[in-house]
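This report refers to the structure that appears directly beneath it.
The values are calculated or read from the model by the stated rules, or taken from the named source; none is laboratory data. Note that the structure is predicted; figures quoted are calculated from it, not measured. Positions of Cβ are generated from backbone atoms using ideal geometry, with glycine treated the same way; all protein chains shown enter the neighbour counts. Heavy atoms of the whole protein, side chains included, go into the accessibility calculation; ligands, DNA and RNA do not. Shrake-Rupley method; radii C 1.70, N 1.55, O 1.52, S 1.80 Å.
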Amino acid sequence: MEVIICQDSGKASELAAKLLKNQVKKRKHSVLGLATGSTPLTMYKMFIDFVKAEGIVTSEMIAFNLDEYVGVGKDHEGSYAYYMKKNFMEPLDLDPRQLNIPDGMAEDVKKECENYEKRIRQQGPIDLQILGLGQDGHIGFNEPGSSLGSRTRIKSLTEETRDVNRAAFSSLEEVPRHVITMGIQTIMESQKIALMAFGKSKAATVAKMVEGPVSALVPASVLQFHPQVKVFLDEEAASELKNQDYYKQVFAHKPAWQMEEFV
Ligand code: F6R
C-alpha cells in the first residue's frame, strides 16, 4: 500500500482528484469504480473542476458504483443514485447510461446482484476504484465478517453503520437494514484502488487496515494483498499509524516520473 499523508483533507482530495482526472485523460474509455458518502465529495468537486478546466472528454467513460440501499428508490434523497446524480452526473452532463448503480428497488435482488456482477465482468475490469472507509473497517458495504472472496450480493448493515448513515434519512428507523454491495473479491479485481479516509474517527481503523493483520473482521485490511493501492489520509486519520514518518518520507522523495499522476 502506498500511504499518502497530507496536511488536511483538502490537499488529500486534490491529489486523489488529480489521480482520477489523469486516469480519464489517459484513457477516455476508462471504467471507474465510484464510492459515495461524505469522504469523496470534495474530491468529486475538484475532479469536475479539473475536467472542465482541461477540457477532458468524459462522454466515453463508464462507472460502477459500489453500493445502494435495498428498498430505496433513485429519487429518494438518501439513495446513492440520487447522490451520484447530484454530485457527479449532472455537473458533468453525463448520459445516465454511463453510470451503473445497483437497483435498490429490484424485485429480484439476487438476480440484480448477479446481473451487476456480470456487467462489471463484461465491461471491466475497473481501471480505478475509489473507496471510502467505514469506521468498522468496511469497504463498499462489506461489513466485518464478510467473506474476503465475496461478490456483489445483499448484505445487512451493522447498527453502527446505520447510525453513522442516518443523516440522509428522517429517523434511524428509516435507515435501511439491507444493501446491495460489490463484493470484496469484485473490488480486489480492480486494476488500481484509491482509498480516502479523513478525521480522527477513522484513525484506529486506518491503523488496522494498513498495519494490522489481514482479517475478515477488518475487511479493508484485505487491500494489503492488492499490488496497486493508494491510501489518501489527512493528519488526523493517519495519527495512529506506527510508520507515519516513513510514509511521509517516501512521498516527499518520490522520483519525478512517479509524480506525473498527481499533476
Ligand atoms: C459508500 C461506501 C462506504 C463509505 C463508508 C465511509 O459508497 O461504499 O463504504 O465509503 O461508509 O463513508 P463516509 O465517507 O461517509 O465516512
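For the chain, a crude dipole built from +1 on the beta carbon of Lys and Arg and -1 on the beta carbon of Asp and Glu, taken about the Cα centre, is about 680 debye to the nearest 20. Comparing Cα centroids, region 174-253 and region 46-77 end up 22 angstrom apart. Computed from backbone phi, the HN-Hα couplings of region 242-249 come to 6, 9, 3, 4, 4, 4, 5, 4 Hz, rounded to whole numbers (Karplus: 6.51 cos²θ - 1.76 cosθ + 1.60, θ = phi - 60°; Gly and Pro given as x). Exposed loop positions in the chain were taken to be trypsin sites (Lys or Arg not before Pro) whose DSSP state is not H, G, I, E or B and which have at most 15 other beta-carbon atoms within 10 angstrom. Between these positions, the longest stretch is 29-176. GNM on the chain, alpha-carbon springs under 10 angstrom: the most fluctuating residue among L172, L34, L131 is L172.
Counting only protein heavy atoms and a 1.4 Å probe, the chain has 46 square angstrom of accessible area per residue. Per-residue ellipticity at 222 nm from helix content only, as computed over the chain with -39500 (n - 2.57) for each DSSP H run of at least four residues, stands at -9500 deg cm²/dmol. Counting protein heavy atoms only, region 1-73 has 50 percent of its accessible area on carbon and sulfur, 1.4 angstrom probe. List the GluC sites (Glu not before Pro) within region 46-143 that DSSP assigns to loop and that have no more than 12 neighbouring Cβ atoms inside 10 Å. Of the GluC sites (Glu not before Pro), the ones in loops of region 46-143 whose Cβ has at most 12 other Cβ atoms within 10 Å are E60, E77, E107.
Across the accessible surface of region 79-148, with the other protein chains kept in place and a 1.4 Å probe, carbon and sulfur atoms take up 47 percent.
With Rh defined as the Kirkwood radius, the inverse of the mean 1/r over Cα pairs, the Rg/Rh of region 193-234 is 0.94.
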